[in-house]
Amino acid sequence: MAIPPTNAASPGLTTTSTLDPDQARSTLLGLLAERAYRHGSFTLASGRTSDHYVNCKPVSLSGPGLALLGRLLLELVEEQAIAVAGLTLGADPLVSAVAMQAALNGRPLDALIVRKEAKGHGTGAWLEGPLPAAGSRITVLEDVVTTGGSALKAVRQLQEAGYLVDRVVAIVDRQEGGAEAMAAAGLDLRSLFLLEEVSALSRAGGSVGGSIGGSERDQAGDSTGAG
């Protein structure tokens, strides 16, 4: 399948703000099926082999994708949360999109980035962004959950810093044990889509519902880029 440029003009351009929730969800699913999913034989970051490869970055780093993700992920963020956070690199655009959408909605919600290792100079910080007071509730965002390792690392760093974390929100759950790992850690995993939804639409040659910016065709797991 040829991957089109994500900025290609398309007839009947529709802005994301005019889509109702169902249209927004189906449009995002179409973008993921076209630009994020591949079927074949792949070695994942965990060392496992898989027929499925999901890299959300061509979607999460596109304008339309960010706009849709900001809307849809925000709906799953806890009402009591005053910030969203996630492990770099996969969660970087997600926390930014959600914080911006929250601001547009008149909701105070900051974005934090969790480093994979402490900063090697200065304060040696693990967290970047406007730090809330200890005891604040934070929702963790993730692009793809496979085993849950990346999200759990982010959760641990936030908890060690004194924050309350009970929920992880992902774009795609690969259905390979991540939900069970979250539950074992006392966390509530919410995902916009299951892998089976994305793969089914991709194999069916699904198109973007609503046609927003980009042609209607276009590895990540645990924020590493490879399932």
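The values are calculated or read from the model by the stated rules, or taken from the named source; none is laboratory data. Remember, predicted model here, so these are calculated numbers, not experimental data. Cβ sites come from the backbone with ideal geometry, for glycine too, and all protein chains shown count toward neighbours.
Below is a table of values for the structure above.
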read-out	value
Meets criteria (in contact with an Asp or Glu (Cβ under 9 Å, 6 or more places away or on another chain), surrounded by 21 or more Cβ atoms within 10 Å (Cβ to Cβ) and not hydrophobic (A, V, I, L, M, F, W, C)) for THR146	yes
Test for PRO4: is it at pLDDT below 95 and either under 11 Å from the mean Cα position of the chain (by Cα) or not in a strand (DSSP E or B) (or both)	yes
Test: ILE171 is under 13 Å from ILE113 (Cα atoms), in contact with a strand residue (DSSP E or B) (Cβ under 8 Å, 6 or more places away or on another chain) and buried (at least 21 other Cβ atoms within 10 Å of the Cβ)	no
Single residue of ARG156, ARG107 found to be assigned to a helix (DSSP H, G or I), among the basic types (Lys, Arg) and either more than 16 Å from the chain's Cα centre (by Cα) or surrounded by fewer than 15 Cβ atoms within 10 Å (Cβ to Cβ) (or both)	ARG156
Hits in segment 30-54 (condition: surrounded by fewer than 22 Cβ atoms within 10 Å (Cβ to Cβ) and not in a strand (DSSP E or B))	ALA45, SER46, GLY47, ARG48
Condition met for VAL140 (under 15 Å from the mean Cα position of the chain (by Cα), among the hydrophobic types (A, V, I, L, M, F, W, C), in a helix (DSSP H, G or I) and within 20 Å of LYS153 (Cα to Cα))	no
Residues of segment 76-95 satisfying the condition of being closer than 17 Å to VAL144 by Cβ and in a loop (DSSP other than H, G, I, E, B)	LEU76, THR88, LEU89, GLY90, ALA91
Count - residues of segment 174-200 that are in contact with a Phe, Trp or Tyr (Cβ under 8 Å, 6 or more places away or on another chain) and either buried (at least 23 other Cβ atoms within 10 Å of the Cβ) or modelled with pLDDT under 95 (or both)	1
Sole exception among (1) touching a strand residue (DSSP E or B) at 6+ places or on another chain (Cβ under 9 Å); (2) within 19 Å of ALA36 (Cβ to Cβ); (3) of a type in the set (Gly, Ala, Ser) for GLY70, by number	(1)
Test: residue in segment 119-131 that is buried (at least 23 other Cβ atoms within 10 Å of the Cβ) and under 30 Å from SER17 (Cα atoms)	no
Neighbours by Cβ (under 8 Å, 6+ apart or cross-chain): first from segment 60-73, more than 9 Å from GLN101 (Cβ to Cβ); second acidic (Asp, Glu) and crowded, with 22+ Cβ neighbours inside 10 Å	SER60/ASP143
Residue match in segment 40-49 (condition: in contact with a strand residue (DSSP E or B) (Cβ under 6 Å, 6 or more places away or on another chain), modelled with pLDDT under 95 and among the aliphatic types (A, V, I, L, M))	yes
Breaking point among (1) in contact with a helix residue (DSSP H, G or I) (Cβ under 9 Å, 6 or more places away or on another chain); (2) assigned to a helix (DSSP H, G or I), for SER150	(1)
